[in-house]
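Engineer: Here you go, one structure.
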Amino acid sequence: MVLRAEAAVTTIPEEIAAARALCSKALESDSFNLIARLQCMPANAEDWFKLLSGIPQDARCVRRLQQLHADAEQVSGYLPGTLERYGILQTYVVTFPRLLTLPIHPSIHLEFCATAKSIADSQAWPSDFGYRSDAFEELCRIVTLRRFHAGQLSFDIMSMPRTWLLKVHPVVLPRVIRELVVRMGGIGPIAMPHLNYWRRNPLLMTQNENERALWRIAKSIELQPNVKGFIGASWFYCASVGEISPHLAWVRDFFQDQGAFLVDMERAPVRSGFMIGSEKRRRAYGEGKFRPRQTLVLWPRHEMLRWAASYQPESMKQGRAPVKKLPIEVSRRSLTRRSVVVQATSSGRFTLLDCERILTYAPRRYAVIVFVIPWLLLTALSTIGFGIGGVLLTAVLSPIVIWLAQYLFLQ
């Protein structure tokens, strides 16, 4: 693919080579000399790649990075973020040769290179860019090719977490399963989106940039026939967000207009970010008038590719197109058949014990404690007073009762 820049014509391999050279040159900086000589440092760039490939899920890699950070801080004149930047640049050097072997659109290559160049060019690294930050964790995923930089959004290729089905309203669950089986063709592999910490302007989220990012994702899954589509969950997609913040109504409206299926799940936790950047949302939340829910989006492959075929992105090397004017009135498309909003008896109204964190961060433990153990106990107890028929009935019905109980009382 050939890209037309302002003053020259360059190819994707040339862009990758230029970015890699810039990263290599940055590693020769005097600011890295002292920490590079620490005895505990990874021996080479490949070792850095292996280390960051385990961030944040591998406890051993996290512990080693913590120790490296503690040792680096003992160096006289150490600046915050130096170790993190050094490790990222080392990993980039290893990753660049692998880019062209991946089935992703060339525009993803450009986003990858642009981020690498900005890191290599940085004269001062942000003090809040620490190894414990979400921004660093996301960059570790991107630079080790577990997540892909698509601009305003990043994305993973993975399977939908099965525990998300535990968060769907009982009335809607059969329809969600039908959508997954019939229209999606399964729960994975799918493209899973994330709001990108490393987008060009992290303070803004615009419709134009969002569509360009979705186009990049669609063109990438077009190269991967086994990917079944796009599945995401966020408070951004919730109907009440467009009502309290009309300038964000387009986020939900876009997916409904393009053949996606949306359904509410559990209440969005405060840490998910809906309190950030809007005094109106904070005030409404404090008054109890705004309780956004995580909302599931199922966008089948054929619908996604149909939209991408009709979308006309501008040159990825030229300036941005003007942001489309957003409607003043809140859209009513949230009431269409492709969207399900269930208010009655939703989770969060009768909560006895909030297990949202364990359900999110330790789903297997949640399943064992909440489902498996009670199911085994109920089945075993039924053998005491009932015959084989009673045992079979208990074994069938108890998971349904447990599922309903955990949805109403544990979320």
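Please treat every number below as a calculation from the coordinates, not as lab data. Just so we're clear, the structure is a prediction, and the values are computed from it rather than from any experiment. A quick note on method: Cβ atoms are made from the backbone with ideal geometry, for glycine too, and the neighbour counts reach across all protein chains shown.
Engineer: Could you tell me whether the range 71-87 includes any residue that is of a type in the set (K, R), touching a residue at least 12 places away in the same chain (Cβ under 8 Å) and closer than 22 Å to K25 by Cβ? Working first, answer last.
Structural biologist: Pass one, the range 71-87, residues of a type in the set (K, R): 85.
Pick out the ones that are also touching a residue at least 12 places away in the same chain (Cβ under 8 Å) and you get 85.
Okay, now just the ones that are also closer than 22 Å to K25 by Cβ, so 85.
Within the range 71-87 (the criterion being of a type in the set (K, R), touching a residue at least 12 places away in the same chain (Cβ under 8 Å) and closer than 22 Å to K25 by Cβ), the answer is yes, since at least one residue qualifies.
Engineer: So, one more: Can you say whether L165 is under 30 Å from L410 (Cα atoms), in contact with a helix residue (DSSP H, G or I) (Cβ under 9 Å, 6 or more places away or on another chain) and surrounded by fewer than 19 Cβ atoms within 10 Å (Cβ to Cβ), as far as the supplied structure shows? Full working, then the answer.
Structural biologist: Values: under 30 Å from L410 (Cα atoms): yes; in contact with a helix residue (DSSP H, G or I) (Cβ under 9 Å, 6 or more places away or on another chain): yes; surrounded by fewer than 19 Cβ atoms within 10 Å (Cβ to Cβ): yes.
When the stated conditions are applied, L165 passes them.
Engineer: Right, something else. Using beta carbons and a limit of 9 Å, which pairs, at least six apart or on different chains, have the first residue in the range 239-261 and closer than 13 Å to L298 by Cβ and the second one small (G, A, S) and part of a loop (DSSP other than H, G, I, E, B)?
Structural biologist: Every condition considered, the pairs that remain are Q256/S331.
Engineer: Report, by residue number, each residue of the range 207-226 that is in contact (Cβ under 8 Å) with a residue 40 or more places away in the chain and surrounded by fewer than 18 Cβ atoms within 10 Å (Cβ to Cβ).
Structural biologist: In the first step, residues of the range 207-226 are kept if they are in contact (Cβ under 8 Å) with a residue 40 or more places away in the chain; the result is 207-224.
Selection gives N208, E222, L223, Q224.
Engineer: Every residue in the range 249-274 that is assigned to a helix (DSSP H, G or I) and either of a type in the set (D, E) or on the phi > 0 side of the Ramachandran plot (or both), please.
Structural biologist: So the first thing to find is which residues in the range 249-274 are assigned to a helix (DSSP H, G or I), and the list is 249-257, 270-272.
Matches in the range 249-274: D253, D257.
Engineer: Oh, and also: Take the range 239-268 and flag every residue that is acidic (D, E) and within 18 Å of R291 (Cβ to Cβ).
Structural biologist: The answer is E243, D264, E266.
Engineer: Filter the range 43-55 down to the residues that are surrounded by fewer than 19 Cβ atoms within 10 Å (Cβ to Cβ) and either over 28 Å from the mean Cα position of the chain (by Cα) or farther than 12 Å from Q90 by Cβ (or both) and list them by number.
Structural biologist: A43, N44, S53, G54
Engineer: Mind listing whichever residues of the range 275-296 are basic (K, R), under 30 Å from M160 (Cβ atoms) and in a loop (DSSP other than H, G, I, E, B)? Don't jump to the end; show me each part of the working.
Structural biologist: Keep residues of the range 275-296 that are basic (K, R), which gives 280-283, 289, 291, 293.
Pick out the ones that are also under 30 Å from M160 (Cβ atoms) and you get 281, 291, 293.
Answer for the range 275-296, where residues must be basic (K, R), under 30 Å from M160 (Cβ atoms) and in a loop (DSSP other than H, G, I, E, B): just R291.
Engineer: Let me ask you something else. Restricting attention to the range 173-183, report how many residues are over 14 Å from R162 (Cβ atoms) and of a type outside the set (D, E, K, R).
Structural biologist: 2
Engineer: Out of the range 380-411, which residues are polar (S, T, N, Q) and surrounded by fewer than 16 Cβ atoms within 10 Å (Cβ to Cβ)? Please lay out each step first, then the result.
Structural biologist: Of all residues in the range 380-411, those polar (S, T, N, Q) come to 382-383, 394, 398, 406, 411.
The one that is polar (S, T, N, Q) and surrounded by fewer than 16 Cβ atoms within 10 Å (Cβ to Cβ): T383.
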